[in-house]
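As C-alpha cells, the structure follows; a few thoughts come after it.
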Amino acid sequence: MKQVLDNCYRFLTSLRCAVIILLLLAGASILGTLLPQGMTEEGVLALYGENSLKARVIVLLGLTDLYHSLWFQTLIGLLALNISLCTAERFPKTLKIWSHEDREVNPERLKKFANFSELTSQKTYEDTVAQLKNFFNSHGWKKLTESAKEQKWAGVFVKGWAFLFSVYGVHASVLLILIGAFVGSTLGFKGTMAILQGDSTNVVNLMRKDKVIMLPFEVRCDKFDIQFYPDGTPSEYISEVTILEGGKEVRKAAIKVNDPLTYRGVSFYQATYGTIIKRAVVSFTDERTGEEIKLELTTDNEEELPGKNVIVQLMDYREEFGGFGPAIAIGMLEEGEQPQAGWILVKHPNFHGNRLGHYRLAVVDVEPTYYTGLQVKRDPGTWLVLIGFVLIVIFILATFYGTATKVWCVVEEAGNSTKIYVAMKSSRTGLTDEKFSALCHAIKKLL
C-alpha cells in the first residue's frame, strides 16, 4: 500500500502529470468551443434526437455546460494540486541553495569550478582586499559571507539571486488564476434579463440552469432606442436604464453594445431586443350577416364577441411577417367549433388570409412596444484572474531572462605580489563564460 501511495505521489509531482492534465484541459476547451454552451437537456435532445448516442454522451458529460461540469473542475483541481505539490517539493531545496553558507573558501576548492581564474595584483594585500570589497559593493553584488585570517581573505557574493525563485512566482500566478476561475464559477452567475420599455425588474434567468435569481436592486428601462442602416439592418441599439434601490433612483446610465453598465459587481450588456404587442384594436366582420364588431385586445385577457359565443385573444406580434410587414396572431374559440389561430396582416386589411372561422378581420390600431434584452453577469474572480495573468507574464520573463550569479573570491599574499582566485557559477550556464570573462577583465583593470 505504501508503495502504491509513493508511486501516486511521485506521479502527481511530476512534469508528465502536468502535461497530461494540460492536454486534457486543452482538448476539453476545444469541445467547449465546438458545442453550443448553455443549452438545456431538452434542447440537446431536440437538436440531436432523443435516441442519439451523441446526445446521450453530451448530456452525460455535461458538454453544453463544460466549464461548470464536475469532471472539468476536477481537472482544474488536479492541476492546482500538481502545482502545489511541485512547489512544496522543490522550494525547500531552492531555499537551501540560497541560505547555504560557504564556510570553507580556499583556492583548492575554487580550482574545481568550470569558471575559475587566477589573477595577480601588484598592490599590497590590504589595498587589494579593500578595492575588491568596494568593487563588488559598487557593482550591485550582495555579500553573503566574508572571512579574513593570516593574510588571507575570502568572500562570497551574489547578484540576482531572487531570480532562482521566479519559477515559484509562475506557480503562484497559475494558482491565482485557477482560484479566480473557481471563485467566478461558484460565486458568480450569467443570465439574461428582458425589460419592457417603462418597466422594471430584478429577475435574472440563469443561462446554465432552469432557475432565476433575484438581484438586490431593480433595473428600469426608461427608453429603448434603435438605429438602422439604410438597408434596414440595425446599426446600434441603446437602453437608457435607471438602477432602483428601495424604490429610489440611485444611478442612470445608457447601455450600448460593447459598452456595459456595472453596478455592485454586476455587469449588464446590451445583447438583443425585440417587440411585443401591448394592445390592438381589431375589427371582426361576420361574413354571414355583414355585422362588424370592434374589440380592443391584449395578450393578458380574453375577450368575447358580444352575443356571438366567440372568445378571442391577442397572442403574438411580429414586426416583419413574410415580407408583408407587421402582423398580429389572434386565437379564436367559437362554441361548437375547433379552436383556431392565425396571423393577421396589419397594413393589408383586405388580404384574403385575414380570416378566422366565419369572420374577416382587419387591424384598426396597434400599439407595439420594444423590450430590451440584457445579458447579466457577475464574476467576483475576474480581478484575481487579471492579476494572475499580469504576474505570470512578469515571472515568466524573469525566469527566462533573469540570471542568478554567485562569485567566490580569495585573496592571499604570495611573496612580493598578491594572488586573487575567482570562481563563478550562474543559473544560466550559457551566459556564465561571458559574464565571468567580463568580471575578470574588470578586476584586472581595477588592480
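The values are calculated or read from the model by the stated rules, or taken from the named source; none is laboratory data. As the structure is a computational prediction, the values presented were derived from the model and not from experiment. Methodologically, a virtual Cβ is constructed for each residue, glycine included, from the backbone with ideal geometry; neighbour enumeration extends over all protein chains shown.
Identify, please: which residue in the stretch 197-231 is closer than 15 Å to G274 by Cα and of a type outside the set (D, E) and is, among those, surrounded by the fewest Cβ atoms within 10 Å (Cβ to Cβ)? It would help to see each step written out before you state the result.
To start, the set of residues in the stretch 197-231 that are closer than 15 Å to G274 by Cα comprises 197-199, 221, 223-228.
Subset that is of a type outside the set (D, E): 197-198, 221, 223-224, 226-228.
On the way: Q197: 18, G198: 13, C221: 23, K223: 13, F224: 24, I226: 14, Q227: 9, F228: 11.
Checking each candidate, the answer is Q227.
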Among (1) in a helix (DSSP H, G or I); (2) farther than 25 Å from R90 by Cβ - the single one G155 does not satisfy: (1)
Given (1) at pLDDT below 90; (2) part of a helix (DSSP H, G or I); (3) more than 48 Å from the chain's Cα centre (by Cα), number of the condition H441 does not satisfy: (1)
Long-range neighbours under 6 Å by Cβ, at least six apart or interchain, first residue farther than 14 Å from D300 by Cα and in the same structural domain as L361 (by TED's automatic domain parsing) within the stretch 310-339, second of a type in the set (D, E) and assigned to a loop (DSSP other than H, G, I, E, B): P326/E319
Criterion violated by P260 - all others in (1) in contact (Cβ under 8 Å) with a residue 24 or more places away in the chain; (2) under 28 Å from T233 (Cα atoms) satisfied: (1)
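Please pick out the residue among I238, I311, I255 that is touching a Phe, Trp or Tyr at 6+ places or on another chain (Cβ under 6 Å) and at pLDDT 85 or above. Please lay out each step first, then the result.
Values: I238 fails: touching a Phe, Trp or Tyr at 6+ places or on another chain (Cβ under 6 Å); I311 fails: touching a Phe, Trp or Tyr at 6+ places or on another chain (Cβ under 6 Å).
Sole residue among the options that is touching a Phe, Trp or Tyr at 6+ places or on another chain (Cβ under 6 Å) and at pLDDT 85 or above: I255.
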Residues being among the charged types (D, E, K, R) and modelled with pLDDT of 80 or more - total across the stretch 41-88: 2
Conditions (1) of a type outside the set (K, R); (2) closer than 30 Å to V212 by Cβ; (3) buried (at least 17 other Cβ atoms within 10 Å of the Cβ); number of the one not met by T369: (3)
Residue match in the stretch 66-73 (condition: over 17 Å from H171 (Cβ atoms), out of contact with any Leu (no Cβ under 6 Å at 6 or more places or on another chain) and hydroxyl-bearing (S, T, Y)): yes
Residue tally, condition part of a strand (DSSP E or B) and of a type in the set (S, T, Y), over the stretch 176-200: 2
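Could you look through the stretch 386-430, keep only residues that are in a loop (DSSP other than H, G, I, E, B) and hydroxyl-bearing (S, T, Y), and pick out the one that is farthest from the chain's Cα centre (by Cα)? Please lay out each step first, then the result.
Taking the stretch 386-430 and keeping what is in a loop (DSSP other than H, G, I, E, B), we get 402-404, 415-416, 427-428.
If we keep only those that are hydroxyl-bearing (S, T, Y) as well, we get 403, 427.
Numbers: T403: 33, S427: 35 Å.
Among residues in the stretch 386-430 that are in a loop (DSSP other than H, G, I, E, B) and hydroxyl-bearing (S, T, Y), the one farthest from the chain's Cα centre (by Cα) is S427.
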Output for the stretch 373-385, where each listed residue is part of a helix (DSSP H, G or I) and farther than 12 Å from L175 by Cα: T382, W383
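Every residue, every condition in (1) part of a strand (DSSP E or B); (2) under 26 Å from the mean Cα position of the chain (by Cα), yes or no:
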site: L215; (1), (2): yes, yes
site: C221; (1), (2): yes, no
site: I226; (1), (2): yes, no
site: D231; (1), (2): no, no
site: S235; (1), (2): yes, no
site: I238; (1), (2): yes, yes
site: T242; (1), (2): yes, no
site: V250; (1), (2): yes, no
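Out of the stretch 243-256, which residues are surrounded by 12 or more Cβ atoms within 10 Å (Cβ to Cβ) and without any contact (Cβ under 8 Å) to a residue 40 or more places away in the chain? Steps first, please.
Applying the first criterion (surrounded by 12 or more Cβ atoms within 10 Å (Cβ to Cβ)) to the stretch 243-256 yields 243-245, 250-256.
I243, E245, V250, R251, K252, A253, A254, K256 - these are the residues of the stretch 243-256 that are surrounded by 12 or more Cβ atoms within 10 Å (Cβ to Cβ) and without any contact (Cβ under 8 Å) to a residue 40 or more places away in the chain.
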Qualifying residue in the stretch 112-127 (condition: β-branched (V, I, T) and within 30 Å of F163 (Cα to Cα)): no
Selection within the stretch 343-370 - closer than 29 Å to T272 by Cα, among the aromatic types (F, W, Y) and modelled with pLDDT of 90 or more: W343
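Going through the stretch 16-35 one residue at a time, which ones are without any contact (Cβ under 8 Å) to a residue 40 or more places away in the chain and either within 30 Å of V167 (Cα to Cα) or surrounded by 13 or more Cβ atoms within 10 Å (Cβ to Cβ) (or both)?
Residues of the stretch 16-35 without any contact (Cβ under 8 Å) to a residue 40 or more places away in the chain: 16, 19-20, 23, 26-27, 29-35.
Answer for the stretch 16-35, where residues must be without any contact (Cβ under 8 Å) to a residue 40 or more places away in the chain and either within 30 Å of V167 (Cα to Cα) or surrounded by 13 or more Cβ atoms within 10 Å (Cβ to Cβ) (or both): R16, V19, I20, L23, A26, G27, S29, I30, L31, G32, L35.
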Tabulated pairs, the stretch 421-444, first charged (D, E, K, R), second part of a loop (DSSP other than H, G, I, E, B), C-beta under 8 angstrom, 6+ apart or interchain: K425/F113; R428/T403; K435/T403
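Would the stretch 87-99 turn up any residue that is among the acidic types (D, E) and either within 26 Å of A162 (Cβ to Cβ) or exposed (fewer than 13 other Cβ atoms within 10 Å of the Cβ) (or both)? It would help to see each step written out before you state the result.
If we filter the stretch 87-99 for residues that are among the acidic types (D, E), which is where we start, we get 89.
Keeping just the survivors that are either within 26 Å of A162 (Cβ to Cβ) or exposed (fewer than 13 other Cβ atoms within 10 Å of the Cβ) (or both) gives 89.
Yes, because at least one residue in the stretch 87-99 is among the acidic types (D, E) and either within 26 Å of A162 (Cβ to Cβ) or exposed (fewer than 13 other Cβ atoms within 10 Å of the Cβ) (or both).
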N350 farther than 27 Å from I238 by Cα, crowded, with 18+ Cβ neighbours inside 10 Å and outside the structural domain of I195 (by TED's automatic domain parsing): no
